[in-house]
1. Somewhere in region 107-114, is a residue assigned to a loop (DSSP other than H, G, I, E, B), at pLDDT 90 or above, open to solvent by 60 Å² or more (accessible area, probe 1.4 Å) and over 25 Å from ASP23 (Cα atoms)?
2. Is it the case, given these coordinates, that PRO4 is at pLDDT 90 or above and surrounded by fewer than 20 Cβ atoms within 10 Å (Cβ to Cβ)?
3. If a residue must be in contact with a Ser or Thr (Cβ under 9 Å, 6 or more places away or on another chain), assigned to a strand (DSSP E or B) and either open to solvent by less than 60 Å² (accessible area, probe 1.4 Å) or over 16 Å from HIS100 (Cα atoms) (or both), how many such residues does region 144-163 contain?
4. How many residues does region 42-63 contain that are open to solvent by less than 50 Å² (accessible area, probe 1.4 Å) and more than 20 Å from PRO90 (Cβ to Cβ)?
5. Pairs needed: first member in region 120-142, at positive phi; second member anywhere, hydrophobic (A, V, I, L, M, F, W, C) and buried (at least 23 other Cβ atoms within 10 Å of the Cβ); C-beta distance under 6 Å; at least 6 residues apart or different chains.
6. Which of the residues spanning region 129-181 are at pLDDT 95 or above and polar (S, T, N, Q)?
Amino acid sequence: MEAPAAQGPAEPSGPAGASGPADVEITVTSPEQMRELGRRLAKLLRAGDLVMLSGELGAGKTTLTRGLGEGLGVRGAVTSPTFVIARVHPSLGDGPPLVHVDAYRLSGGLDEMEDLDLDVSLSDSVIVVEWGEGKVEELTEDRLRLRIERAVGDTTDEVRHVTVTGLGERWATADVSVLVG
């Protein structure tokens, strides 16, 4: 079920410019809006895309990924893979599978991630890595980074500020401002 337009994320920081896309900033005020952002993001993604999510515990990384899974039409409930490190959600249709990785407990860089065979999965899947900064950048120059920030110490405040940054040739001409919805 789509969230009403009036409740969707808003406020881009700047549109894509002639030299490439700028960061897009989105304000999200509820978990449902975070899921809706994930559903909109799914429309931009294709097999081979790497999405890196960063933010404090409880920021909404898994909630966004849940919406992404809904948008991609994958099998299985998207839950935090903290203890299993990675989950594969096969597509229910003709789209790519979703590989959801939680690198929080991994201390090493790409060497430690190699055991997950993400480089093998990358060309056929959409890979979403929570806590991936400093760990998965070497997989590909083309990646989408989402930083989710929330009020520190205030666990009742549901307002989140999401900064979307496209990196590499794949995202140089992509219009990530459509995520503002």
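The values are calculated or read from the model by the stated rules, or taken from the named source; none is laboratory data. Note that the structure is a prediction, hence the values are computed from the model and not measured. Cβ sites come from the backbone with ideal geometry, for glycine too, and all protein chains shown count toward neighbours. Calculation scope for accessible area: heavy atoms of the full protein, side chains included, ligands and nucleic acids excluded. Shrake-Rupley method; radii C 1.70, N 1.55, O 1.52, S 1.80 Å.
1. No, region 107-114 contains no residue that is assigned to a loop (DSSP other than H, G, I, E, B), at pLDDT 90 or above, open to solvent by 60 Å² or more (accessible area, probe 1.4 Å) and over 25 Å from ASP23 (Cα atoms).
2. Spelling it out, it is not the case that PRO4 is at pLDDT 90 or above and surrounded by fewer than 20 Cβ atoms within 10 Å (Cβ to Cβ).
3. Here the count works out to 9.
4. Looking only at that region, the number is 9.
5. Pairs found: TRP131/ALA103.
6. THR163, THR165 - these are the residues of region 129-181 that are at pLDDT 95 or above and polar (S, T, N, Q).
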